[in-house]
1. List the trypsin sites (Lys or Arg not before Pro) within the stretch 21-54 that DSSP assigns to loop and that have no more than 10 neighbouring Cβ atoms inside 10 Å.
2. For the stretch 34-90, count all C-alpha to C-alpha pairs, find those more than 17 Å apart, and express that count as a whole percent of the total.
3. Determine by what factor the alpha-carbon radius of gyration of the stretch 1-95 differs from 2.2 N^0.38 Å, reporting the quotient.
4. Toward the positive end of the charge dipole of the chain, about the Cα centre and with charges on Cβ (Lys, Arg +1; Asp, Glu -1), which of 78, 154, 235 goes farthest?
5. How big is the gap, in Å, between the Cα center of the stretch 95-121 and the Cα center of the stretch 25-94?
6. So what are the radius of gyration and Dmax for the Cα set of the stretch 72-124, in Å?
7. To the nearest 500 deg cm²/dmol, what mean residue ellipticity at 222 nm is calculated for the chain from DSSP H runs of n ≥ 4 alone, each contributing -39,500 (n - 2.57), summed and divided by the residues?
8. Show me 15-28, 197-210 ranked by packing, highest mean number of other Cβ atoms within 10 Å first.
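Each reported figure results from applying straightforward, stated rules to the coordinates on display, with no laboratory input. It should be emphasised that the depicted structure is a prediction, and the values quoted were computed from it without experimental measurement. Glycine gets a Cβ as well: all are built from the backbone with ideal geometry, and neighbour counts include every protein chain shown.
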Amino acid sequence: MRVVIQENLQAISRWAANHIANAINSYNLELRSKDRPFVLGLPTGSTPLLVYKNLVAMHKAGQISFRNVVTFNMDEYVGLPQNHPQSYWHYMHENLFDHIDILPQNINIPNGLAPNLDLECQAYESKIASLGGIDLFLGGIGVDGHLAFNEPFTSLVSRTGLRTLTPDTRLANSRFFGGDPTQVPTQAISVGIGTIFDARQILILASGPSKARALAHTIQGPISHQWTSSILQMHPNAIILCDEPACDDLTVSAYRYFKSLEQ
Ligand code: GLP
């Protein structure tokens with residue numbers, strides 16, 4: 001696992017946007033890009049907002065095109081229509097898709113209103129496989145170490161499926177629902193830990209002291225379904241990109257080690 005520590009959210013957002021742009025641009029120079037698009041996994045939440053802003057700016061400056069990119073979002077609330085201001089569909093269009101040149105048919109977001117949610121999950125997983133898997137999965141991390149909506153005690157080999165949100169997550173996300181946890185949907189469709197793990201590269205963002213405990217468990221804890229993000233220790237090409245406050249609970253020796261490697 002590579003851990004990149006930057007000063008603050010602005011710095012990690014710049015780093016992440018550059019990394020994504022470089023990955024797409026170098027892929028487009030390869031022969032296989034003629035037969036198969038670059039497949040990008042995407043998160044929602046507050047942390048990636050500035051990454052998306054940077055990507056939009058880079059697109060407007062002619063530094064990156066999304067014409068040959070297919071995206072798969074990590075998750076979506078069950079029961080919210082697309083035009084609900086808190087649906088992840090709405091979030092993604094407002095913050096990224098409406099401002100770049102991605103083809104609408106290349107955007108994939110689970111449908112939380114599908115008549116058969118189990119079938120929707122299976123079809124989502126199959127579509128990822130049919131495109132040859134995910135090249136780069138960008139993600140955030142919950143305060144309880146969840147990736148996507150894979151809450152504590154979700155199987156570490158789980159695939160796309162229905163998830164029940166924990167009271168902690170509903171409380172954390174209530175800031176987007178007028179501060180009322182009861183307004184936060186109780187369920188979501190989420191890619192699984194196994195789905196994320198299959199990506200060729202994983203880039204996880206963590207910012208601020210509220211993520212310090214989760215980050216310490218992710219990087220230095222044992223691999224455990226109690227902290228689903230700890231599975232990243234097993235991935236051959238995972239990067240944790242975090243700011244200084246998110247490192248508050250790392251041991252000094254681990255912090256120094258990762259800092260020295262990036263200098
Ligand atoms: C939600 C999302 C996760 C995200 C997490 C943290 O629960 N399902 O994908 O990583 O929140 O969000 P934030 O970046 O707002 O802290």
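1. Working: sites: 32, 34, 53; in loops: none.
Those that pass, being in a loop and sparsely packed, number zero.
2. Considering the stretch 34-90, 52 percent of its Cα-Cα pairs are separated by more than 17 Å.
3. Details: Rg = 14.7 Å, N = 95, 2.2 N^0.38 = 12.4 Å.
For the stretch 1-95, the normalised Cα radius of gyration is 1.19.
4. 235
5. Computed from Cα coordinates, the inter-centre distance equals 11 Å.
6. 11.2, 32
7. -9500 deg cm²/dmol
8. 197-210, 15-28
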